[in-house]
Amino acid sequence: MSADFQGYEQDYGVLTADITNRIGKIPKLAGEEKKQMVMNVEKQLEEAKELLEQMDLEVREIPAQSRGMYSNRMRSYKQEMSKLEADFKRSRIAYSDEVRNELLGDDGNSSESQLIKLREERAHLLDNTERLDRSSRRLEAGYQIAVETEQIGQNILENLNQDREKIQRARERLRETDTNLGKSSRILTGMLRRIIQNRLLVFVLGIIIVITIILAIYFSFRGH
């Protein structure tokens, strides 16, 4: 595992612990202090998502045979992020209810302008929540595409490895065939050399026999 992944993982752990602590405090706060806390948590959630993206990139660089354990850890971190977002959503709804109570008062009396302000505030909160949901769905879809792309890449690499092994085996067979052809060529060359030698020997013997016959005839006539 790379040192970068370990660093991101440690930062993510510290950051999510702080987010969890702050989410628990939101319903207990009021006014500007609560609004500021909500904004801080939103910013921290974005930072946590960026860390997850960096960790995801690091995991893709890990060799395939060692990647399974880290992929499981990434799924666990993403599930934790989804839970944090759900907890934050619930804390924001509680925050919206308290704003309504502050505007309406304990007796439920309110002016028309206060009611309009309340509706706008709730509409704003719902819009932010919907945007957060859409972003989560896009991230999930992007992650799924990345996983599928990674699987396709692994399949391609496996096919390439298989093709390379086939080519290597073919080269080995070609080298063996070349070696056998070389041996056959040497054997044929030796056989041809022996045939030529035998033919020369027969030719020389034939000449000797012819000369012997001629000499025998010559001396035979000469004796008469």
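The values are calculated or read from the model by the stated rules, or taken from the named source; none is laboratory data. It should be emphasised that the depicted structure is a prediction, and the values quoted were computed from it without experimental measurement. Heads up, the Cβs are rebuilt from the backbone with ideal geometry, glycines too, and the neighbour counts pull from every protein chain shown. All accessible areas refer to the heavy atoms of the entire protein, side chains included, with ligands and DNA or RNA removed. Shrake-Rupley method; radii C 1.70, N 1.55, O 1.52, S 1.80 Å.
Shape class of the stretch 170-224 from the Cα gyration tensor (axes a ≥ b ≥ c, square roots of the eigenvalues): prolate, since a/c reaches 1.5 or more and a/b is larger than b/c.
Packing-based ranking of 210-221, 31-42 yields 31-42, 210-221, ordered from highest to lowest mean Cβ neighbour count within 10 Å. Computed packing ranks the peptides 64-75, 166-177 as 64-75, 166-177, most packed first, by mean other Cβ atoms within 10 Å. Placing a pseudo-label 7 Å from each Cα along the Cα-to-Cβ vector at Ile207 and Lys166 gives an inter-label distance of 6.2 nm.
Hey, any idea what % of the stretch 151-223's accessible area is carbon plus sulfur with a 1.4 Å probe? The nonpolar share, carbon plus sulfur, comes to 65 percent. At a Förster radius of 35 Å, what calculated FRET efficiency corresponds to the Cβ-Cβ distance of Glu150 and Met39, to the nearest 0.05? Using R0 = 35 Å, I get an efficiency of 0.45. Rolling a 1.4 angstrom probe over the protein heavy atoms with all chains in place gives the stretch 144-210 an accessible area of 91 Å² per residue.
Quick one: pull the percent of accessible area on the stretch 1-87 belonging to carbon and sulfur, 1.4 Å probe, ligands and nucleic acids left out. Carbon and sulfur atoms account for 49 percent of the accessible area of the stretch 1-87.
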